[in-house]
Amino acid sequence: MIPFEKPLVDLENRIDELRRIAASQLRNVDGELAELESKAKTIRQQIFSNLSPYESTQVARHPKRPNSLELIGEMTSGFIELHGDRNFLDDKSIVGGIARMDDIPIMIIGHQKGRGTKDNIFRNFGMPRPEGYRKALRLMSMAERFRLPIVTLVDTPGAYPGVDAEERGQSEAIAKNIMVMTRLRVPVVTVVTGEGGSGGALAIAVANKVYMLEHGVYSVISPEGCASILMKDSAEAPRAAEMLKITAKNALSMGVIDGIIKEPEGGAHRDLSLTASRTKNQIVTALKELSKKSPDALRDERFDKFLKMGAVVQ
């Protein structure tokens, strides 16, 4: 539970308890339930209609936020997961494979966080090592070979910063992915579903169309990391989040993304099916638009799109 959600969660617990009492004692509590549900709806709207950038970061990190495999399960059919980088090992923090989204065959790749401590350790908290990015690169190269559109789902604090990752060429793996993605001749669509952290996110996000879930965040560094480096105090993370312009609205206004996917009231973690449905609709719309373009146009437009970001006009 996020701290600012506590009043809402307490009220929702009261509603659940009242329903249990009504079911076990056959009491008519419709009037009381309606009043509490109306109050919960009002509180939910008040909280989530005016989140600060750091509060958005907390929502993006919610432990129950939909992860890539859950979204893939809801959005696609016939998903076949493909494993390994054919060089070192199978990084569990990157998942991917072939599937169908409606009637469109695709290659879908995403960061994968875990559920609970044990699973998060297994998934390395969604922070890929070089072999994770090399697996993603292998799958993207396969997609281009078979002319499959590529869909990527971004949700990572960043690339894993451990010594073993550096020894195996973390920066080279990320840089190569970015370079190769600028040259792909198939449609590429990315959705930032949670955290989009630094090069660890960008390594699978050089796309023709980039979208963000409403409460996702996208930044070169985490608010805590920025506060520790620039302000020498990680407690200044809320102020750093304001300065970093990490929200979906900020990213859209600066031209970093192409659109925002509205989340269910109270955040994506409250309704997986609705979140997946809205995300799928946006992806399918984008793929149909991009399918009309030639391979050369897809490559050139993607390259130009990213080349223009951050340009200084004198």
Inset, instruction - For the stretch 114-149, name all the residues that are out of contact with any Leu (no Cβ under 7 Å at 6 or more places or on another chain) and outside any helix (DSSP H, G or I). - result: G114, R115, R123, M127, P128, R129, F146, R147, L148
Inset, instruction - Please verify whether the stretch 38-60 includes one or more residues that are touching a residue at least 12 places away in the same chain (Cβ under 8 Å), under 30 Å from I150 (Cβ atoms) and small (G, A, S). - result: yes
Legend entry - Candidate set: the stretch 83-101, residues that are outside any strand (DSSP E or B) and touching a residue at least 60 places away in the same chain (Cβ under 8 Å); chosen: the one surrounded by the most Cβ atoms within 10 Å (Cβ to Cβ): S93
Legend entry - Count of the stretch 8-62 residues which are assigned to a helix (DSSP H, G or I), modelled with pLDDT of 80 or more and of a type in the set (G, A, S): 2
Legend entry - Criterion: surrounded by 22 or more Cβ atoms within 10 Å (Cβ to Cβ), within 14 Å of N177 (Cβ to Cβ) and under 14 Å from the mean Cα position of the chain (by Cα) - qualifying residue of T57, T156: T156
Legend entry - Cβ pairs under 7 Å, 6+ apart, first in the stretch 236-264 and outside the structural domain of P66 (by TED's automatic domain parsing) and touching a residue at least 24 places away in the same chain (Cβ under 8 Å), second in a helix (DSSP H, G or I) and not aliphatic (A, V, I, L, M): none
Inset, instruction - Output the residues belonging to the stretch 154-176 that are out of contact with any His (no Cβ under 7 Å at 6 or more places or on another chain), under 21 Å from F125 (Cα atoms) and not small (G, A, S). - result: P157, Y160, P161, V163, D164, E166, E167, R168, Q170, I174
Legend entry - The lone exception for I109 - which of (1) hydrophobic (A, V, I, L, M, F, W, C); (2) crowded, with 22+ Cβ neighbours inside 10 Å; (3) assigned to a helix (DSSP H, G or I) it fails: (3)
Inset, instruction - Out of A227, A205, report the one residue that is more than 21 Å from N50 (Cα to Cα) and either part of a helix (DSSP H, G or I) or not assigned by TED's automatic domain parsing to the domain that holds V154 (or both). - result: A227
Legend entry - Any pair with Cβ under 8 angstrom, 6 or more apart, that starts in the stretch 147-159 at a residue that is on the phi > 0 side of the Ramachandran plot and ends at one that is part of a strand (DSSP E or B): G158/G197
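Each row is one residue, and each column tells you yes or no for (1) of a type outside the set (V, I, T); (2) within 23 Å of R65 (Cα to Cα); (3) not assigned by TED's automatic domain parsing to the domain that holds G200.
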{"site": "G78", "(1), (2), (3)": "yes, no, no"}
{"site": "A99", "(1), (2), (3)": "yes, yes, no"}
{"site": "I109", "(1), (2), (3)": "no, yes, no"}
{"site": "K118", "(1), (2), (3)": "yes, yes, no"}
{"site": "P130", "(1), (2), (3)": "yes, no, no"}
{"site": "L137", "(1), (2), (3)": "yes, no, no"}
Inset, instruction - Identify all residues within the stretch 159-187 that are under 20 Å from the mean Cα position of the chain (by Cα), at pLDDT 95 or above and of a type outside the set (A, V, I, L, M); write none if there are none. - result: N177, P187
Inset, instruction - Looking only at the stretch 57-100, count how many residues are within 21 Å of N120 (Cα to Cα) and of a type in the set (S, T, Y). - result: 3
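Residue-by-condition table, conditions (1) assigned to a helix (DSSP H, G or I); (2) surrounded by 14 or more Cβ atoms within 10 Å (Cβ to Cβ); (3) in contact with a strand residue (DSSP E or B) (Cβ under 6 Å, 6 or more places away or on another chain):
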site: A240; (1), (2), (3): yes, yes, no
site: M243; (1), (2), (3): yes, yes, no
site: N250; (1), (2), (3): yes, yes, no
site: G266; (1), (2), (3): no, yes, no
site: R278; (1), (2), (3): yes, yes, yes
site: E289; (1), (2), (3): yes, no, no
site: K293; (1), (2), (3): no, yes, no
site: A297; (1), (2), (3): yes, no, no
site: G310; (1), (2), (3): no, no, no
Legend entry - Residue satisfying condition, being buried (at least 22 other Cβ atoms within 10 Å of the Cβ) and on the phi > 0 side of the Ramachandran plot, within set G126, G194, G132, G169: G126
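The values are calculated or read from the model by the stated rules, or taken from the named source; none is laboratory data. What you see is a predicted model; the values in this text were computed from it and never measured. Virtual Cβ from ideal backbone geometry, glycine too; neighbours counted across all protein chains shown.
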